[in-house]
Every structure is written in structure tokens, then in C-alpha cells.
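Have a look at the structure below before the remarks.
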Amino acid sequence: MTAPDPALRTARAWPFEEATKVADRLAKTGKEEALFETGYGPSGLPHIGTFGEVARTTWVRRAFERMTGRPTRLLAFSDDMDGLRKVPDNVPNKNMLATHLGKPLTTIPDPFGTHDSFGAHNNARLRAFLDAFGFEYEFASSTEYYRAGRFDAALLRMAALHDRVRDVILPTLGPERRATYSPFLPIHPETGVVMQVPMGEVRPEDDLIVWTDPETGRRHGTRITGGHCKAQWKADWALRWYALGVDYEMSGKDLIDSVKLSSAICRVLGGEPPASFTYELFLDERGQKISKSKGNGLTIEEWLRYAPPESLAQFMFGAPGRAKRLHFDVIPRAVDEYLTNLERLKAQPDPANPAFHIHDGGSNDPGSPIPFAMLLNLASVVNAEEPGMLWGFIRRYAPDLTPESHPLLARLAEGAVAY
């Protein structure tokens, strides 16, 4: 760890503002190590928002380390014990998956046939995604944590406070749902389905919840601990914060109400919810909210076809509390903003510079002496079909430049042709 630099509390960059919140929290709790968390629903594949959340959390984490000199951890938590609600559109063997609706993702066969379960397959895709960008993290599986007893004490405490936890959620529900709500979801002992049923009895002293199967009318007694049941979404988030001692987690604007309710439940359990940050969601070129089902907006694969990941990080860095239009035409500006900031970083490691955070304080990358906009114009004028056509003109401009000496420029030349 680097020596602490308390002066960074006044740095004019939002990661240091967020890191100050974490430092103040640890000053109250007396903890030495800060735990940062990001969460995922593994029924879908990682996407551009996944990159944004992990990158932004990482920047806050690094800012905290520089400011305080204290150790940190980043937990990438997969909610893989959730029941499969619907069959995704982009998978094979849909008919097979349809027979497993309602079961935890980690108990459903992998439709791709490469892993032990559908949850394991998607977890592997998530980890490969995070690894490809060089993120430092610890992976956590909800299924493994529940089954290993990591949440047992917290589950029994939630059971002891069952009515108080329900009182937090009930005002937000309609009459029918209010009548049946419980923070606990037992796993059916015969079908393996995650059951959403009212509790007949909650007996924490016996490690037991009692419920009735609505299809058969049979009563079942299920252990609260050991992975035999899980918590409902908002209660599950609170349970995780409380049991693990999470200090910081950011989330999108669409989860504002969930953060409030989970925070209230965490306090009922006797914990203090983490410091949090709400980021705005992405819009398409028409100002409409991006939706995977609509297919509007831009995918991370599309961005990386045209530009390097550092330019995407540059786009993600600026004003995360404001809505951003994410479409094809924003890429060139993001690339050239990154190139400008990279040059500034090499001249002076200013904590207010986005490149300072993108490169964790410094970089020896020679960058690109040619702006991306100029490469795009050149590619268009000469109707370039491959990067070699651009290099003929680049060498007239600067004979010493080569793809080997300036790999970023080489990457931009490839992107310009594709764009």
C-alpha cells in the first residue's frame, strides 16, 4: 500500500469525494479494511453497464487506498441462487430450460453444455469479462455463500426479527402480495423450485420455517440455514451487507427505492448500510432509456470494435450522476478526450484528470500523436479498407512512427477503418 495522503480529500474528482464517504464510515466503525461490492444477476450476460459499474467502483477503491493507505477488497457477488424467471432469448436448448423455471440457476443444467450448471456457465462468462479488462476482484457465488453457512447467523437474526423486516416492505406492496410476503424463500425439497409462499411459522430457535405447498396442500418444514432457503431480493441485499460488512456499493437510478428499503432492513438487523452512490442510466441518441429487449443503444462489443477500452473508461468517468447518451457518434469524442488526458497525465499526475484514475496514477504509454478524428477523416477520404493504407499517410506525417513503437495509434488506425 502507498503512504496515506489526506490532502486528497480535497481533490476535485468524484472518486475522491466518494472515497471520503468510505473513510468517514470506517472512522465510525473502527474497521481497518474497506469492503467494496458490485452485484450481478447471472441470468444474463455481462454488458456495457457491467463494465461501467466495476470501473467506477474500482476508481473509488483506488482513491480510498491513496487517501488513507488502508487495504481494500472488491467483492464481485453473483446472485446465482435466484430462481430462473424466464428463458433468455440468446441461449440454445430453450425447451430444456423451460422445464426448470423457478429453480436456482446453479441447479439448472447448462444449455451450452460446457459447465455443471447454467449459473456456473454465466458466472464463468462474468469472470472472463472482468478478467479481460484487468479488474482486480474476488468472485463470490450466492449459492456457495448460503450453502457454506456464511449467512447462517444473519438468517437466524432475520428470522428472529421477521415481523419487523416485513413491516419495512409491506407498505410498498399491493394487497394480495402484502398478505403473503415473507423475506424468506424456501427451496422446495421435492421440485427444487424457489418458493414464494407465506410462512405458517417462523421458528429461529428451531432453525425452521413452516409453509404450505399451494399446489399439493402439503406442509413443509425447511431449515433456515445451510442453503435450504434464501432471502427475497431487497432482504437478500440487506442480509449481504449486514453479514459481510460491506462498506461501499453503487447502483443505478432504477434501484433507488431498493437501496432505501434494503438500508432500512440492514438497520433492523443491527447493521449500518454501506456508503452508496447512485449513477444515472444510459440513453440512446433519441434520449430514450436503453433497453436490452429493444436493442437500442450501443453494446460493449460494438464500442471495442472501433476504439480501445480506455476510451470507454473515459466515457464512463465523466459525471456519472448525469444521464449519458450512449450511441455510435459519441465514440470519436471519447477517444480524443482520452488521448488529451493521457498526454496531460504524462506531463503531470493530476488527481482531477480522468486518465489518472484510468491508469491508476500514471502511464508510460506513448499514446497517439494523431487524433482519432483525423484518422477517421483520412480513412474516409482514402476509402481505406485496411489499416496499412493509413500507415502510408501516417509515415509521411511522422516517419518515425510504427505500429510497434505506438501500439495505441495502431489500435486507433484499426478502429478508424472499422468505424
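The values are calculated or read from the model by the stated rules, or taken from the named source; none is laboratory data. Note that this is a predicted model, so its numbers are computed, not measured. All Cβ positions, even for glycine, are placed from backbone atoms using ideal geometry, and neighbour counts span all protein chains on display. For the accessible areas, the whole protein counts, side chains as well, though only heavy atoms, and no ligand, DNA or RNA atoms are used. Shrake-Rupley method; radii C 1.70, N 1.55, O 1.52, S 1.80 Å.
For the chain, the solvent-accessible area of protein heavy atoms averages 46 Å² per residue (probe radius 1.4 Å; ligands and nucleic acids excluded). Protein heavy-atom surface of segment 295-343, 1.4 angstrom probe: 49% of the accessible area is carbon and sulfur, with nucleic acids and ligands not counted. A dipole drawn for segment 123-253 from +1 and -1 charges on Cβ atoms has a positive end, and of HIS188, PRO214, ALA154 the residue lying farthest that way is PRO214.
Lysines near LYS103 by alpha-carbon distance under 20 Å, same-chain residues fewer than 8 away left out - which ones? Of all the lysines, those that pass the test against LYS103 - Cα under 20 Å, at least 8 places apart if same chain - are LYS86, LYS94, LYS230, LYS234. Largest GNM mean-square fluctuation across LEU75, LEU401, LEU185, computed for the chain with C-alpha springs under 10 Å, falls on LEU401. Among residues other than ARG166 with Cβ under 12 Å from its Cβ, the summed charge is +2 (Lys and Arg +1, Asp and Glu -1).
When the chain is treated as a GNM with alpha-carbon contacts under 10 Å, the residue of ASP152, ASP350, ASP213 showing the greatest mean-square fluctuation is ASP213. Along segment 213-223 the Karplus relation, 6.51 cos²θ - 1.76 cosθ + 1.60 evaluated at θ = phi - 60°, assigns HN-Hα couplings of 6, x, 7, 9, x, 7, 8, 10, x, 10, 5 Hz to successive residues, with x for each Gly and Pro. For the chain, the antiparallel share of DSSP beta bridges with both residues in that region comes to about 45%.
Under 5 Å between amide hydrogens, built in the peptide plane, is the criterion, and for PHE184 it picks out GLN232 among residues at least 5 positions away or on other chains.
Bridgeable aspartates and glutamates around LYS253 (alpha carbons under 14 Å apart, same-chain partners fewer than 8 residues away excluded): GLU53, GLU280.
Build a GNM of the chain with springs between Cα atoms under 10 Å apart, and of THR58, THR402, THR143 the one that fluctuates most is THR402.
Take every pair of alpha-carbon atoms less than 8 Å apart whose residues are at least six positions apart; their mean separation over the length of segment 127-243 yields a relative contact order of 28 percent. How high is the FRET efficiency between THR402 and LEU45 when r is their beta carbon distance and R₀ equals 35 Å, given to the nearest 0.05? It comes out at approximately 0.40.
The charge dipole of the chain, taken about its Cα centre with unit charges on the Cβ atoms of Lys, Arg (+1), Asp and Glu (-1) only, comes to about 900 debye. Computed per residue of the chain from DSSP H runs no shorter than four, each worth -39500 (n - 2.57), the mean residue ellipticity at 222 nm is -13000 deg cm²/dmol. Carbon-plus-sulfur accessible fraction, segment 20-75 (probe radius 1.4 Å, protein heavy atoms only): 50%. Annotation: aspartates and glutamates with alpha-carbon distance below 14 angstrom to LYS28 (same-chain offsets under eight excluded): ASP247, GLU272. Among GLY49, ALA124, ASN90, which residue has its Cα positioned farthest towards the positive end of the charge dipole of segment 1-128, with +1 placed on the Cβ of Lys and Arg, -1 on the Cβ of Asp and Glu, and the dipole taken about the Cα centre? Of GLY49, ALA124, ASN90, it is GLY49. Surface composition of segment 97-251: carbon plus sulfur atoms contribute 48% of the solvent-accessible area (1.4 Å probe, protein chains only, all chains present).
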